[in-house]
Amino acid sequence: MIEEFCPGWFAGFDVVFQAVTVYVTLAVAIMGLRIHRFFGTERYKLHAEGFILLAASYTVLTIAKFAHLAGMLGVKGRPPGIGAAAILWFGNILLGAFFVSGLTLLTIAYLRVKDRVQRTLLLVFAIMASLIATFDPRPWAFSLLHTLTGTLLIFIIVRLLKNPKKNRNSYLVIIAFISLVIGEALTSAMHLINSQALYVLSNSMTLAGYVLILVSLSTCGRHEKKQSRTHP
Amino acid sequence: MLAAIRQKGGTIKRTHLLYKANLSHDALKRYLKELMGAGFVEEIEVKKQRRYKLTEEGFKFLQEFQRFKEFSETFGL
């Protein structure tokens, strides 16, 4: 989460990476909300809400990392003061809760869970897991949380692979989600072995995943624009 | 129906539309009324023949619809 795994040379790059991620997740969410308004299907709303929560988690992460970089949360190398520690602690709680609940909403949308009680139960379990991981100081707790998010992503990938109407962009989205799973697996390993190299790798894989999502999003409807030239 | 009109270059004869949209006469009449009410299609006269023209609004609607459909397929929703 918001711990100091980042190697010195990579500081700043990770903030930019997270900012790009916020942009992509928000772009997907806005598109989903527009489609929900157009078709009125709840699935799109859930998908959009999932991406909004992911955007919220990445926003918390971006702000926290930026604050850390700017020295707002204490001097690097020294333990943070009580105020800064409280901000970091609260940031960790928000980050975990937003991220896990966002991915759970996405999984609910993809698995087409229609029953509201089942949806609530899944969300409660996911948020509880994130809270337990945040409050537990042992490194394996965070590792387990990232294993959980990775598992949710694998469920989404399986649904994407079963999609009967696959096009070039859908394969890009599948590759993007595989990148995100690898990113989560690397983050999970990073917490266990406390590795800075894994921090860089996991951030890069996550960024690659979101960039692929952005590419597939921006090429949606390009075919239509070509057709539009024939309109009088 | 909108896609059928666009495929014909933006203007289509009633009989052609009936054939392309694969609809009954009554259904075509009902849908055309709805589309004209929404401002997506307008009735024009060319050489004393009734034709249906895709309006700019109808064209934009169709484009948006196709984009949303493609997004839905891309994200497997």
inquiry  = Looking at A:LEU144, A:LEU192, A:LEU131, A:LEU152, can you tell me which residue is modelled with pLDDT of 90 or more and either among the polar types (S, T, N, Q) or out of contact with any strand residue (DSSP E or B) (no Cβ under 7 Å at 6 or more places or on another chain) (or both)?
reply    = A:LEU152
message = Return the pair list, or none, for Cβ contacts closer than 9 Å from residues in region B:10-33 that are polar (S, T, N, Q) to residues that are part of a helix (DSSP H, G or I) and modelled with pLDDT under 85, at least 6 apart or on different chains.
response = B:THR11/B:ILE5; B:SER24/B:LEU18
Leading residue by the ranking (farthest from the other protein chains (Cβ to nearest Cβ)) among those in region A:13-48 that are farther than 16 Å from B:LEU77 by Cα and of a type in the set (S, T, N, Q) = A:GLN18
Residue among A:ARG119, A:ARG159 that is of a type in the set (Lys, Arg), assigned to a helix (DSSP H, G or I) and touching a residue at least 40 places away in the same chain (Cβ under 8 Å) = A:ARG159
ask   = Which condition does B:ASP26 not pass, out of (1) modelled with pLDDT under 85; (2) farther than 30 Å from A:CYS220 by Cβ, if it passes all the others?
value = (1)
request  = May I ask you to verify whether A:ILE157 is closer than 23 Å to A:ASN203 by Cβ and within 14 Å of chain B (Cβ to nearest Cβ)?
outcome  = yes
key: helices (runs of 4 or more DSSP H) enclosed by chain B - at least 1 residues per element that are closer than 30 Å to A:ARG112 by Cβ and either aliphatic (A, V, I, L, M) or within 14 Å of another protein chain (Cβ to nearest Cβ) (or both)   = B:2-7, B:56-74
note = Being farther than 22 Å from A:THR62 by Cβ and either more than 14 Å from chain B (Cβ to nearest Cβ) or under 15 Å from the mean Cα position of the chain (by Cα) (or both) narrows A:ALA208, A:ALA185 down to just A:ALA185
note = When (1) modelled with pLDDT of 85 or more; (2) over 16 Å from B:GLU56 (Cβ atoms); (3) not hydrophobic (A, V, I, L, M, F, W, C) are applied to B:LYS20, the one that fails is (1)
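The values are calculated or read from the model by the stated rules, or taken from the named source; none is laboratory data. Predicted model, so just to flag it, every value in this text is computed and none were measured. In this analysis, Cβ positions are derived from the backbone assuming ideal geometry, glycine residues included, and neighbour counts consider all displayed protein chains.
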